[in-house]
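Enquirer: Take a look at this one; I'll ask things after.
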Amino acid sequence: MEGFVDFTNRCQGRDQLFRATQFTCMLLSYLIENKADKKKLVMKLKQLESSMSSGRKMFRLGNMVHALVAARRAAELPEVVPRLCLTASHLSRALYFVCDAVLWLRSVGLQPHVDKPKWHTWATKCYYCSLLMNLARDWYEISWRLEQAELEEKTKENCIWQKHGEELNGVKSDGLQSFLCQLFQILKRNPPLLLDLVKNLCDLSGPLDTLGIYKTNPGVIGFCGILSSLVGILTLASPHLKLKQ
């Protein structure tokens, strides 16, 4: 099992590097595509982007194994919500890699009759579902910490209620500001949760655009992809920054 873990970790690390390069090329080509003297550079960047996308296919097996192993581990979590969200997320991600493998077989000519648009849509939907489950888990973690912060605040208020009652009522009236301040403090004190939230939100840009839910442009997708990839590399290099699953 340790061998599998090492293998999948190496695959993930290389995949993140390829991914970061791919989205960097996408962003740069978008930024300079309208400049007449940069047409050759844009072409080279798009070719490199395509090469990086194809190169990531080499890590498909490692990523699929990682998703299945992670799903098995998530199914053993004691808390119901994280268990359901993470198990569904990892299984959806595994299905995404299956669809991606089918598309790869078509691209190399082994399955030329595969309906590419249909399988591409299925792959995107599986990836989208995985991200939604991850975000649901993130929100569960945030909500739990918000409840804990509220309980702590109420405990403090009970101690000084008589002395500062009017001031406390004034603070309570501004519910949105209080919520945002608490949310900021929670994310500031929990870097793994903040990084996981940022990564999942950034990853949403691609499937939202592909599925037509929220259309954007390659520049936004490229920037979000770079940021997400950098977070992925950071959490692989520093495991203590990765949200425990």
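Residues are listed down the side, and each one gets a yes or a no for (1) outside any helix (DSSP H, G or I); (2) of a type outside the set (V, I, T):
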residue: K44; (1), (2): no, yes
residue: Q47; (1), (2): no, yes
residue: V65; (1), (2): no, no
residue: A70; (1), (2): no, yes
residue: R73; (1), (2): no, yes
residue: R93; (1), (2): no, yes
residue: V98; (1), (2): no, no
residue: V114; (1), (2): yes, no
residue: W119; (1), (2): no, yes
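Enquirer: Could you give every pair whose Cβ atoms fall below 9 Å, whose first residue belongs to the range 210-228 and is under 21 Å from L48 (Cβ atoms), and whose second residue is outside any helix (DSSP H, G or I), counting only separations of at least 6 or pairs across chains?
Expert: Listed by first residue and then by second, the contacts come to P218/E33; C224/L204; C224/T216.
Enquirer: For K215, work out the one condition from (1) open to solvent by less than 20 Å² (accessible area, probe 1.4 Å); (2) modelled with pLDDT under 95 it doesn't fulfil.
Expert: Every listed condition holds for K215 apart from (1).
Enquirer: Can I ask one more? Quick check on this structure: which one of V220, V231 is over 21 Å from P82 (Cα atoms), open to solvent by less than 30 Å² (accessible area, probe 1.4 Å), of a type in the set (A, V, I, L, M, F, W, C) and assigned to a helix (DSSP H, G or I)?
Expert: Numbers: V220 fails: open to solvent by less than 30 Å² (accessible area, probe 1.4 Å).
Of V220, V231, the one residue that is over 21 Å from P82 (Cα atoms), open to solvent by less than 30 Å² (accessible area, probe 1.4 Å), of a type in the set (A, V, I, L, M, F, W, C) and assigned to a helix (DSSP H, G or I) is V231.
Enquirer: For the condition out of contact with any His (no Cβ under 6 Å at 6 or more places or on another chain), over 22 Å from T21 (Cβ atoms) and touching a residue at least 12 places away in the same chain (Cβ under 8 Å), what is the one hit in L105, L45, L91? Can you show your working first?
Expert: Details: L105 fails: touching a residue at least 12 places away in the same chain (Cβ under 8 Å); L45 fails: over 22 Å from T21 (Cβ atoms).
When all the criteria are applied, what remains is L91.
Enquirer: How about the range 186-212: which of its residues are in a helix (DSSP H, G or I), surrounded by 13 or more Cβ atoms within 10 Å (Cβ to Cβ) and out of contact with any Ser or Thr (no Cβ under 9 Å at 6 or more places or on another chain)?
Expert: Those that are in a helix (DSSP H, G or I), surrounded by 13 or more Cβ atoms within 10 Å (Cβ to Cβ) and out of contact with any Ser or Thr (no Cβ under 9 Å at 6 or more places or on another chain): I186, L187, P191, L193, L194, L197.
Enquirer: While we're on this one: Inspect the range 31-40 for any residue being in a helix (DSSP H, G or I), touching a residue at least 12 places away in the same chain (Cβ under 8 Å), open to solvent by less than 30 Å² (accessible area, probe 1.4 Å) and under 22 Å from C202 (Cα atoms) and give the result as yes or no.
Expert: no
Enquirer: Please indicate, with yes or no, whether at least one residue in the range 42-59 is farther than 29 Å from R93 by Cα and surrounded by 14 or more Cβ atoms within 10 Å (Cβ to Cβ).
Expert: yes
Enquirer: Does S89 count as among the small types (G, A, S) and either touching an Asp or Glu at 6+ places or on another chain (Cβ under 8 Å) or open to solvent by 30 Å² or more (accessible area, probe 1.4 Å) (or both)?
Expert: Against the criterion (among the small types (G, A, S) and either touching an Asp or Glu at 6+ places or on another chain (Cβ under 8 Å) or open to solvent by 30 Å² or more (accessible area, probe 1.4 Å) (or both)), S89 does not qualify.
The values are calculated or read from the model by the stated rules, or taken from the named source; none is laboratory data. Here the structure is a predicted model, which means the values were calculated and not measured. Reconstructed Cβ throughout: ideal geometry from the backbone, glycine too, with neighbour counts over all protein chains shown. In case anyone asks, the SASA skips ligands and DNA or RNA and just uses the protein heavy atoms, side chains included. Shrake-Rupley method; radii C 1.70, N 1.55, O 1.52, S 1.80 Å.
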